[in-house]
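Heads up, the thing below is written out as C-alpha cells.
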Amino acid sequence: MMRLASPEPLFAGPRLALRRHKQTAHAFRRPGSLRPLQIAIGLVVLAGALASLLLGRSLAEKDQTAATGAGVVTRATAGNLALSSWAGWNGGELPASVRALVPSGKILEPATATGVTILAGDLGIGGVPRILQAIERIESSGVVTSDDFQARTYDVKLKDLPGATATVMLIPSVGAISGVICTADPSISVSATDDCANVLTSSLQLQRSKPTVVVPAAEQVEKLRTAVTRLNDARRDGLTVLTSARTSGAQARAARRLAADYDTATRGVAGVLLTALGRDSGQALTNALAAGAAGYRAFATAATRRSATGLAAARERITSADTAARAALTELGELGYEKK
C-alpha cells in the first residue's frame, strides 16, 4: 500500500512563508512638484539634487515637447505612464529575457546618466507575477505615494542581470497595471544606482487613468491568512491520518477529507478582496488549491481501486499543486499580504 509523505506546510508559523525583506513607506515627488521627497526607497537614495540631473536628448519618435523658460521638457509615453525630463531620452538595450518582463514596454536611457536603463510600460495578465518571479533577491521594498499615483517599489537583484542592481515599481491604475524596471550597472558608473533612483523620482507621472490603491485592507490580509492557516492545520491533521492508515479504505476516507479541506480553503481565498496588484497571484492560489483538492480526490479513487499507478499520479498532482500554492503565497506576501 503506497503512502503519501507529509509535505511542508503551505503556511509557515504565524506568517506567510516569504522572503525576508524590509518594507518602508515613502512620499514620492511628481515631475514639477515642489513637495520634497521625505524618505528614501529602501537602500536606494531617492533624495538628491534632482535639478542637477540632466537627462539627454529626446527619442527619435513622436513624444510631446513643450518650450519653457528653463529649457525643453520631453515626455516619453509608455502605456499609462509618462516619463518627463528636461533634455529628453535615448533609446536603450536590455537582454531579451528582461525585455520580456514588460513585453509592450519602452526602453529608455537618460543620456547623461550612464549605466542606467529604464524599461516601462503597461503589464498584461500575469505581468505582476512574471516580474516577481524574475527577482533573485529583494534587498528592500516599500510603498511610494505621489500626487497622482501609488506604487510598490523593490530594490532587487534580477536573475538575468547578475552584475546590476534594479529598482522595480508596480503602479496600478484603473484598467491597467504599469511596471517600471530601472537597471543600474555600477561597473559602468559608480553613481548608477543613485542616478537610477533620481531619474525615477523626477520623471514618472500617471496619465490618462486614475490610480488605485497598493496597500491591501487589513481585514482582507487577515481573511487570507485565516483561510490558509486553517488549511495548514487541517492538512497537518489529515496527513497524519492518511500516512498512518492501514487499509486502502481508510486512506480513501482520509484523502476525501483532505479534498474537502482544500475545497473550503479555495472558497475562502476566492472571497478575499485583493488589490489590483494581487489579483493574478490570488487567482493562481485559488487555482492551486482547487488542483490540490482534485489531487486528493484522485488519490481517494486510486486507493479505493488499489492502483499503485493511480496513487503515484495523484501524489504528483498534489505535490505540484502545493508548490504552486506556496509560490502564489510568496508573491502575495511581497504585495502586502503578510501579517505584521
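The values are calculated or read from the model by the stated rules, or taken from the named source; none is laboratory data. As the structure is a prediction and not an experimental result, all values here were calculated from the model. FYI the Cβ positions are ideal-geometry reconstructions off the backbone, even for glycines, and counts take in every protein chain you see. Side chains are part of the model used for accessible areas, which takes the heavy atoms of the whole protein and leaves out ligands, DNA and RNA. Shrake-Rupley method; radii C 1.70, N 1.55, O 1.52, S 1.80 Å.
Scanning region 91-136 for residues that are among the charged types (D, E, K, R), under 24 Å from L329 (Cβ atoms) and assigned to a strand (DSSP E or B) yields a count of 1.
If you go through region 254-273 and keep only what is surrounded by fewer than 21 Cβ atoms within 10 Å (Cβ to Cβ), within 21 Å of the chain's Cα centre (by Cα) and either within 21 Å of V241 (Cβ to Cβ) or touching a residue at least 40 places away in the same chain (Cβ under 8 Å) (or both), you end up with G271, L273. Taking (1) under 21 Å from T112 (Cα atoms); (2) among the aliphatic types (A, V, I, L, M); (3) not in a loop (DSSP other than H, G, I, E, B) in turn, I188 satisfies each apart from (3).
Scanning region 239-247 turns up no residue that is under 19 Å from L285 (Cβ atoms), open to solvent by less than 40 Å² (accessible area, probe 1.4 Å) and in a helix (DSSP H, G or I).
Filter region 274-287 down to the residues that are open to solvent by 10 Å² or more (accessible area, probe 1.4 Å) and hydrophobic (A, V, I, L, M, F, W, C), then identify the one that is nearest to the chain's Cα centre (by Cα). Among those residues, the one meeting the criterion is A276.
Yes/no per residue for (1) open to solvent by less than 10 Å² (accessible area, probe 1.4 Å); (2) of a type in the set (K, R); (3) out of contact with any helix residue (DSSP H, G or I) (no Cβ under 9 Å at 6 or more places or on another chain):
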position	(1), (2), (3)
L123	no, no, no
L161	no, no, no
I177	no, no, no
I181	yes, no, no
S189	no, no, no
Q207	no, no, yes
L224	yes, no, no
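Taking residues in region 127-154 that are over 24 Å from R208 (Cα atoms), and partners anywhere that are open to solvent by 50 Å² or more (accessible area, probe 1.4 Å) and of a type in the set (S, T, N, Q), the pairs with Cβ atoms closer than 6 Å and at least 6 places apart or on different chains are S141/Q23; G142/Q23.
Might you check whether a residue that is farther than 30 Å from Y262 by Cβ and among the polar types (S, T, N, Q) occurs anywhere in region 209-232? The answer is yes; a qualifying residue exists. Considering the conditions (1) of a type outside the set (D, E); (2) farther than 18 Å from L277 by Cα; (3) out of contact with any strand residue (DSSP E or B) (no Cβ under 7 Å at 6 or more places or on another chain); (4) modelled with pLDDT of 90 or more, R130 is excluded by exactly one of them, (2). Of the numbered criteria (1) open to solvent by 50 Å² or more (accessible area, probe 1.4 Å); (2) modelled with pLDDT under 85, the one G56 fails is (1). Residue count for region 93-118 satisfying the condition of being surrounded by 17 or more Cβ atoms within 10 Å (Cβ to Cβ) and either in contact with a Pro (Cβ under 6 Å, 6 or more places away or on another chain) or under 12 Å from D185 (Cβ atoms) (or both): 6. Are any residues in region 133-157 hydrophobic (A, V, I, L, M, F, W, C) and crowded, with 24+ Cβ neighbours inside 10 Å, and if so, which ones? V144, F149, A151, V156, listed by residue number. The residue pairs whose first member lies in region 291-313 and is surrounded by fewer than 17 Cβ atoms within 10 Å (Cβ to Cβ), whose second member is not in a helix (DSSP H, G or I), and whose beta carbons are closer than 6 Å, counting only pairs six or more residues apart or on different chains, are A308/M2. Across region 209-222, the qualifying residues are those that are buried (at least 18 other Cβ atoms within 10 Å of the Cβ) and β-branched (V, I, T), and the one among them that is farthest from G142 (Cα to Cα) is V221.
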